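See below for the structure under consideration.
The values are calculated or read from the model by the stated rules, or taken from the named source; none is laboratory data. Please read these numbers as outputs of a predicted model, since none were measured by experiment. Virtual Cβ from ideal backbone geometry, glycine too; neighbours counted across all protein chains shown. Side chains are part of the model used for accessible areas, which takes the heavy atoms of the whole protein and leaves out ligands, DNA and RNA. Shrake-Rupley method; radii C 1.70, N 1.55, O 1.52, S 1.80 Å.
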Amino acid sequence: MRKLWILCCCCFGVASLAAREPLNIVFILADDLGITDIAAYASHYTGKPVEDLYYETPHMDRLVGEGLAFSQHYANQLCSPTRAAIMSGQYAARNGFTTATPKRETYYNQDMETPEGFYPHDVLEHKDPIKEQQAWINGRTNTALDPALTTLPKVLATHRSAFIGKWHLGGHGAKGFGPLDQGFDEAPAWFDAGGSVYFNWAGGWNSKALPFPEMPQKESAMGTAGPPPYADYLTDDLTDRALRFIETAAADQRSGADTRPFFLYFNHFAVHTPLQAPKETMAHFEDKPQKGTLGHDQAVYAAMVKHLDDSVGRILQILETRGLVKNTLVVFTSDNGGVEYTNPAATDNFPFKGGKACLFEGGVRVPLVFWMPGEINGGVWCDTPANCIDHLPTLAELTGNAIPDDIDGISLVPLIENPKVETEPRTFYWHYPFNVIVKHPDNGLPLTPHSGLRSGDYKLIWDWHGKVELFDIVKDPYEANDLSKDMPDKKAQLMQQLQSWIKESVAERYLPILNPEYDASKDERLYPFIDLSAPARADK
């Protein structure tokens, strides 16, 4: 059943897509790729010709030029929450994914008894080294997606499924929480970490040494690099393995050995830190005349983007040479906005405000493209807001599989069929209960816990320190004009809506806690601390 409310409908030329012959799917998820890191997206928002831009993304530009690109697609502010949302079709905070952690202690990996009301893979503590005053103590986060959930590969039961790349949903190598445990048939190469080195990575991926000696298991389940040989550069190697899976699955379809359509969920580590790239690729960008355009000036990052783009090109090439284009859908997106908090900044999300870890558009608005020439009209932009929770129901409908009831996303098939169809306004939610070293783009101080929503044209961001901002995202996509004082009724309505959602959907342990050691007299923020959290907390 389609769950997108349509007010008017006309055929856009792909009405039979969801009912066609078995559909192969290649879903590519980039890591930390900002929305204007793709030249076609940057050109769309700024009007600058692609040839005037610093990053070179001809293959991703081809996806945009030949596919359907969403201009207002949202992810979460960090990677694990987005990955949990894609896998479950549910808001990440519902399942406790409120941030993405490096290796952190949990009840499970410390072999501790889990307190009542907690989850074994909840972190004991997660905090950054912040010297500034903090009115809140950080909330918790979950680190392992519950295998009991109805996840994306389980929904696509008709498909031969494979996972390749970055996992970061497995509790830091906890046994029983890897891709195969979540329903994938194959996992040729994967690693359960937030980042990976790009050279000489295989040893770390294949290591069975426990990341925490106290873990109640014999060896680590962090992942596998797969069998050798290995390409020198990680992005290239993962692409090699993705191509092998496509080749094998296509050959088995032809021979009858396995006639199921295939679903490849390809999660790149690119362009996540550490910033590393082959020297010869970097050299191409060192003195490029366009260096500095849109704030893009890091040759190593530009080289990483190029290898990611080359990966996309190789995927498209094999689909074409093997005659798979006519029945294979390619989906491309990113898990969060580009990183601006490194020194120097890895990239710049201009003209959007903020970046990774922020709830401003630069942190959560990401590219999304559906590509299937001959079935999806090319070079079309869809301006209807969408969200990463929508991928599961969309792919379910496209493949004729049942859409689970207990999800938050809706199928985007009606928009794929007609990107201009008028729809009912939707509401999206975010929750990030952490003080982090990432600097707020307005005051230059570490971010405090934030929650937010977008409802129709309006977006509200609640800084738990006591500030509430309101933006008309359609008229002001760059969030320059705070309307909270001009529209107090709208602010109050959306604040109530956000707090009601938090109360109903987010467990108490994933909320910040008041800091008894907070000293307001030493706080550098220009707005006073005000605790507005009571309506968001469960009744006790």
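Scanning for something over 26 Å from PHE118 (Cα atoms), open to solvent by 70 Å² or more (accessible area, probe 1.4 Å), in a loop (DSSP other than H, G, I, E, B) and free of Cβ contacts under 8 Å to residues at least 24 places away in the same chain, does segment 488-496 turn up at least one residue? Checking segment 488-496: not a single residue is over 26 Å from PHE118 (Cα atoms), open to solvent by 70 Å² or more (accessible area, probe 1.4 Å), in a loop (DSSP other than H, G, I, E, B) and free of Cβ contacts under 8 Å to residues at least 24 places away in the same chain.
Listed here are the residues, each with its yes/no results for (1) over 26 Å from LEU23 (Cα atoms); (2) over 20 Å from the mean Cα position of the chain (by Cα); (3) small (Gly, Ala, Ser).
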residue: ASP252; (1), (2), (3): no, yes, no
residue: PHE262; (1), (2), (3): no, yes, no
residue: VAL271; (1), (2), (3): yes, no, no
residue: PHE285; (1), (2), (3): yes, yes, no
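Among the residues that make up segment 86-94, is at least one of them of a type outside the set (Gly, Ala, Ser), more than 26 Å from THR293 (Cβ to Cβ) and part of a loop (DSSP other than H, G, I, E, B)? Taking every residue of segment 86-94 in turn, at least one turns out to be of a type outside the set (Gly, Ala, Ser), more than 26 Å from THR293 (Cβ to Cβ) and part of a loop (DSSP other than H, G, I, E, B).
Answer yes or no as to whether TYR198 is assigned to a loop (DSSP other than H, G, I, E, B), touching a residue at least 40 places away in the same chain (Cβ under 8 Å), crowded, with 18+ Cβ neighbours inside 10 Å and in contact with a helix residue (DSSP H, G or I) (Cβ under 7 Å, 6 or more places away or on another chain). Spelling it out, TYR198 is indeed assigned to a loop (DSSP other than H, G, I, E, B), touching a residue at least 40 places away in the same chain (Cβ under 8 Å), crowded, with 18+ Cβ neighbours inside 10 Å and in contact with a helix residue (DSSP H, G or I) (Cβ under 7 Å, 6 or more places away or on another chain).
In this structure, does ILE315 turn out to be in a loop (DSSP other than H, G, I, E, B), open to solvent by less than 30 Å² (accessible area, probe 1.4 Å) and closer than 30 Å to GLN253 by Cα? Against the criterion (in a loop (DSSP other than H, G, I, E, B), open to solvent by less than 30 Å² (accessible area, probe 1.4 Å) and closer than 30 Å to GLN253 by Cα), ILE315 does not qualify. Only one entry of PRO115, PRO147, PRO81 meets the criterion of being crowded, with 24+ Cβ neighbours inside 10 Å and free of Cβ contacts under 8 Å to residues at least 40 places away in the same chain, and that entry is PRO81. Filtering segment 318-351 to residues that are over 25 Å from ILE164 (Cα atoms), crowded, with 24+ Cβ neighbours inside 10 Å and in contact with a strand residue (DSSP E or B) (Cβ under 9 Å, 6 or more places away or on another chain) leaves GLU340, ASN349.
If you go through segment 214-245 and pick out every residue that is assigned to a loop (DSSP other than H, G, I, E, B), under 28 Å from VAL300 (Cα atoms) and either open to solvent by less than 40 Å² (accessible area, probe 1.4 Å) or in contact with a Leu (Cβ under 6 Å, 6 or more places away or on another chain) (or both), you end up with 5. For segment 422-447, a tally of residues being assigned to a loop (DSSP other than H, G, I, E, B) and open to solvent by less than 10 Å² (accessible area, probe 1.4 Å) returns 3.
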